[in-house]
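**Student:** Below is one structure. I have some questions about it.
The values are calculated or read from the model by the stated rules, or taken from the named source; none is laboratory data. Note that this is a predicted model, so its numbers are computed, not measured. All Cβ positions, glycine included, derive from the backbone under ideal geometry; neighbour counts span all protein chains shown. Areas reflect the complete protein model, heavy atoms only, side chains present, ligands, DNA and RNA absent. Shrake-Rupley method; radii C 1.70, N 1.55, O 1.52, S 1.80 Å.
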Amino acid sequence: MSLASLFLAFQGRIGRATFFLSLVFVWTAFFNLTFFLEKFLGDAGVVILIALLLWMVFALSVKRYHDLGKAPKHLLLLLIPLVGPIWVFLELTLRKGMAGNNRFGQSPDAENLDYATVRPEPTPNTINDVTQINVVQVKEVLTPESVEEVCDIVKKTKGPLSIGGGRFSMGGQVSSPDSTHLDMRKLNKIIAFNALEKRIHVQAGVRWCDIQRTVDNQNLSVKIMQTYANFTVGGSLSVNSHGRYMGLGPLVLSVRFIRVVMPDGILVEASPTVNKEIFYGVVGGYGALAIIVEAELELTENIRVERSAIKLKREEYLPYFKQHIRNSKDAVFHNADIYPPHYTRLRAVTWSKTDAPASSPYRLMPLQRSYPVHRYFYWAFTETLTGKWRREFIVEPLLYRAKKVHWRNYEAGYDVAELEPSSRQHSTYVLQEYFVPIDRFDDFLPLMAAVLRKHKVNVINISVRHALPDPGTYLAWARKEMFAFVLYYKQHVHIEARHAVGQWTRELIDAVLRCDGTYYLPYQPHATPEQFHSAYPRAKELFALKQKLDPDFRLRNVLWDKYYAPTLNQTSESN
């Protein structure tokens, strides 16, 4: 904001510090100038100065009220003798402004607040992810800013390549030792946005929050994305992510086409009808076949949704879901949070279409500099004797008492910063995910609970989501209608703890395979090769396609170093 706008304009917003310092400056300047103007111009000069002073104070006050989400009419309180001026002064100088945008404009902190990113490694050419336990030393890190640069890098460099976006995967899926790492986050332009046709064409480094900010003013919303908006589009496509949506499922269902750079540096377009094998191998292919550089995605209406919640016993959930949620035309978001450590009760939460006014003044999720309350509760839930009990019987019953109506964009725009602990030096928060056909819910959950209790896993939450079948990706996790069990837990980072996690993870994978399910690949690759191929029976088809399109095994990461590279040796021996 320019000085002229700050002191003379009535549009926009200013924070407490700016208001107070500007007020001090105005009054100081007034008293200093009064003496000179009175001496040289007489009373007329002083009248002009007073008029200018009142204008400036009024302009500053209006913008400060805007920051509070209030109209300038509140300045009429000044007409109340004594109490009015004191009230206005205290309110304007002490009350914190609204986070995020409001009807009066952008937050004065907007330039300084953004969605959280993964903290960089202090050592050069070192790649890590959000868990901070998957350190990989690479040969070099390059940051292309155009598709042409990506093509040029692939053509001119020799040796292995690894691809990374937001680095929120949790098992080395973005890096490989001694590779040339492409950090795609600066390839982040919105190429085209067609509001009438409800589609948007973006580069791979664009984040979901960037798309939300672009489409919200046209009352549109992303059709499928994760609950948290920090992730890049390219990264989400690579893992074929999902959210809490009802009647939808894997991200591939909303993709119109992608553009990818092949291992030879050639740019190729692929869609469900053009270059189908590349499309279904790249989406959900974890960088095995090509580098995603662009994508066109479907959008949908940004509607208001109202929250409802009910606490159920484990055996009551499936009948409840089938009767009330599965075929509901109004349900937009749904999840069921299973309470540890007994895993016998859960809270089913549904956000449904509504015409009711929004209970929050924000259309998009307001950001915060820090989340001390969230941090405290996650610590309490995992480190105190009664933390999990307090969450189930005190904290959440209070949280779910209030009526909430949000915009769809708001409810799909959370910031992973709220999950971030103060330090990951000794312990870290990690995700895993398991998928079972919906009719196997009652079979899998007791098996999952038994493994978690046996190994005393410090579980924070298990969130159940719904997904419709995948249309044909090689590494489809939803080969039929599925429930996703999103497991969020805390682990220590020392080597013995990692080995222990590997042990119970393999037991969970065995359990989910017995229930005709699978597990998700963006996390720590603890599965044996046999478990991997049992969970993903079409992986051999993908590997055959990779040998054809990437014969020199240039595109790598920790996932493919473990599960694909050994098959090359087997092929060589058989030949």
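**Student:** Looking for something surrounded by 14 or more Cβ atoms within 10 Å (Cβ to Cβ), touching a Cys at 6+ places or on another chain (Cβ under 7 Å) and either under 21 Å from ASP210 (Cα atoms) or free of Cβ contacts under 8 Å to residues at least 60 places away in the same chain (or both) - is there at least one such residue anywhere in the range 136-148?
**Tutor:** Checked against the condition, which is being surrounded by 14 or more Cβ atoms within 10 Å (Cβ to Cβ), touching a Cys at 6+ places or on another chain (Cβ under 7 Å) and either under 21 Å from ASP210 (Cα atoms) or free of Cβ contacts under 8 Å to residues at least 60 places away in the same chain (or both), the range 136-148 yields no hits at all.
**Student:** Output the residues belonging to the range 545-573 that are among the aliphatic types (A, V, I, L, M), open to solvent by 20 Å² or more (accessible area, probe 1.4 Å) and closer than 18 Å to GLN173 by Cβ.
**Tutor:** Selection gives VAL558, ALA565.
**Student:** Which pairs do you get when a residue that is more than 29 Å from PHE483 (Cβ to Cβ) and without any contact (Cβ under 8 Å) to a residue 60 or more places away in the chain, found in the range 420-432, comes within reach of a residue that is surrounded by 10 or more Cβ atoms within 10 Å (Cβ to Cβ) and among the charged types (D, E, K, R), reach meaning Cβ atoms under 8 angstrom, with the pair 6+ apart or on two chains?
**Tutor:** Listed pairs, sorted by first residue: SER422/ARG375.
**Student:** Given (1) polar (S, T, N, Q); (2) closer than 18 Å to TYR245 by Cβ; (3) in contact (Cβ under 8 Å) with a residue 12 or more places away in the chain, where does THR382 come up short, assuming only one miss?
**Tutor:** (2)
**Student:** When you look at ILE278, is it open to solvent by less than 40 Å² (accessible area, probe 1.4 Å) and either under 23 Å from LYS480 (Cα atoms) or part of a loop (DSSP other than H, G, I, E, B) (or both), yes or no?
**Tutor:** Against the criterion (open to solvent by less than 40 Å² (accessible area, probe 1.4 Å) and either under 23 Å from LYS480 (Cα atoms) or part of a loop (DSSP other than H, G, I, E, B) (or both)), ILE278 qualifies.
**Student:** When GLY12 is evaluated against the numbered criteria (1) out of contact with any His (no Cβ under 8 Å at 6 or more places or on another chain); (2) modelled with pLDDT under 90, which criterion, by number, is the only one it fails?
**Tutor:** Condition not satisfied by GLY12: (1).
**Student:** Let me ask something else about it. Select, from ASP129, ASP178, ASP216, the only residue that is part of a loop (DSSP other than H, G, I, E, B), of a type in the set (Asp, Glu) and within 22 Å of the chain's Cα centre (by Cα).
**Tutor:** The match here is ASP129.
**Student:** Might you let me know whether the range 249-261 holds any residue that is more than 17 Å from GLY205 (Cα to Cα), touching a residue at least 12 places away in the same chain (Cβ under 8 Å), over 19 Å from the mean Cα position of the chain (by Cα) and assigned to a strand (DSSP E or B)?
**Tutor:** Looking for residues that are more than 17 Å from GLY205 (Cα to Cα), touching a residue at least 12 places away in the same chain (Cβ under 8 Å), over 19 Å from the mean Cα position of the chain (by Cα) and assigned to a strand (DSSP E or B), one finds at least one in the range 249-261, hence yes.
**Student:** If SER370 passes every condition in (1) modelled with pLDDT under 90; (2) crowded, with 19+ Cβ neighbours inside 10 Å but one, which one does it miss?
**Tutor:** (2)
**Student:** In the range 522-544, which residues are open to solvent by 10 Å² or more (accessible area, probe 1.4 Å), among the hydroxyl-bearing types (Ser, Thr, Tyr) and assigned to a loop (DSSP other than H, G, I, E, B)?
**Tutor:** TYR523, THR528
**Student:** Report yes if PRO272 is closer than 28 Å to PHE483 by Cβ, out of contact with any Lys or Arg (no Cβ under 9 Å at 6 or more places or on another chain) and not charged (D, E, K, R), otherwise no.
**Tutor:** Considered against the rule, which asks whether it is closer than 28 Å to PHE483 by Cβ, out of contact with any Lys or Arg (no Cβ under 9 Å at 6 or more places or on another chain) and not charged (D, E, K, R), PRO272 comes out as no.
**Student:** For the range 465-475, does any single residue satisfy the condition of being at pLDDT 95 or above, open to solvent by less than 10 Å² (accessible area, probe 1.4 Å) and hydroxyl-bearing (Ser, Thr, Tyr)?
**Tutor:** Checked the range 465-475: at least one residue is at pLDDT 95 or above, open to solvent by less than 10 Å² (accessible area, probe 1.4 Å) and hydroxyl-bearing (Ser, Thr, Tyr).
**Student:** Here is a follow-up. Counting just the residues of the range 235-248 that are open to solvent by 10 Å² or more (accessible area, probe 1.4 Å) and under 13 Å from the mean Cα position of the chain (by Cα), which one comes out farthest from VAL260 (Cα to Cα)?
**Tutor:** Going through the qualifying residues, I end up with ARG244.
**Student:** So if I check each of LYS388, LYS403, which one is open to solvent by 20 Å² or more (accessible area, probe 1.4 Å), charged (D, E, K, R) and in contact with a Ser or Thr (Cβ under 7 Å, 6 or more places away or on another chain)?
**Tutor:** Only one candidate passes the filter, namely LYS403.
**Student:** Let me ask something else about it. Does the range 175-195 hold any residues that are acidic (Asp, Glu) and open to solvent by less than 70 Å² (accessible area, probe 1.4 Å), and which are they?
**Tutor:** ASP183
**Student:** Are any residues in the range 67-86 within 40 Å of the chain's Cα centre (by Cα) and within 15 Å of PHE20 (Cα to Cα), and if so, which ones?
**Tutor:** Result: ASP67, LEU68.
**Student:** If you go through the range 354-367 one residue at a time, do you hit one that is open to solvent by 30 Å² or more (accessible area, probe 1.4 Å), in a helix (DSSP H, G or I), touching a residue at least 12 places away in the same chain (Cβ under 8 Å) and touching a strand residue (DSSP E or B) at 6+ places or on another chain (Cβ under 9 Å)?
**Tutor:** Taking every residue of the range 354-367 in turn, none turns out to be open to solvent by 30 Å² or more (accessible area, probe 1.4 Å), in a helix (DSSP H, G or I), touching a residue at least 12 places away in the same chain (Cβ under 8 Å) and touching a strand residue (DSSP E or B) at 6+ places or on another chain (Cβ under 9 Å).
**Student:** Please identify the pairs in which a residue from the range 58-73 that is in contact (Cβ under 8 Å) with a residue 60 or more places away in the chain has its Cβ atom under 6 Å from the Cβ atom of a residue that is open to solvent by less than 20 Å² (accessible area, probe 1.4 Å) and in a helix (DSSP H, G or I), counting only partners at least 6 apart or on another chain.
**Tutor:** PRO72/VAL62; PRO72/TYR65
**Student:** Could you list, in sequence order, all residues of the range 394-450 that are within 19 Å of the chain's Cα centre (by Cα) and among the β-branched types (Val, Ile, Thr)?
**Tutor:** VAL416, THR428, VAL430, listed by residue number.
**Student:** Could you tell me which residue of the range 481-502 is most open to solvent (accessible area, probe 1.4 Å), considering only residues that are out of contact with any strand residue (DSSP E or B) (no Cβ under 6 Å at 6 or more places or on another chain) and either farther than 19 Å from VAL558 by Cβ or among the hydrophobic types (A, V, I, L, M, F, W, C) (or both)?
**Tutor:** Looking at the filtered set, the residue picked out is GLU496.
To keep it simple, each residue is scored yes or no on (1) open to solvent by 30 Å² or more (accessible area, probe 1.4 Å); (2) under 21 Å from PHE104 (Cα atoms); (3) in a helix (DSSP H, G or I).
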| residue | (1), (2), (3) |
| --- | --- |
| GLY45 | no, no, yes |
| ALA51 | yes, no, yes |
| VAL57 | yes, yes, yes |
| LEU60 | no, yes, yes |
| LEU78 | yes, no, yes |
| VAL88 | no, yes, yes |
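**Student:** Let me ask something else about it. Answer yes or no as to whether VAL349 is assigned to a strand (DSSP E or B) and of a type in the set (A, V, I, L, M, F, W, C).
**Tutor:** yes
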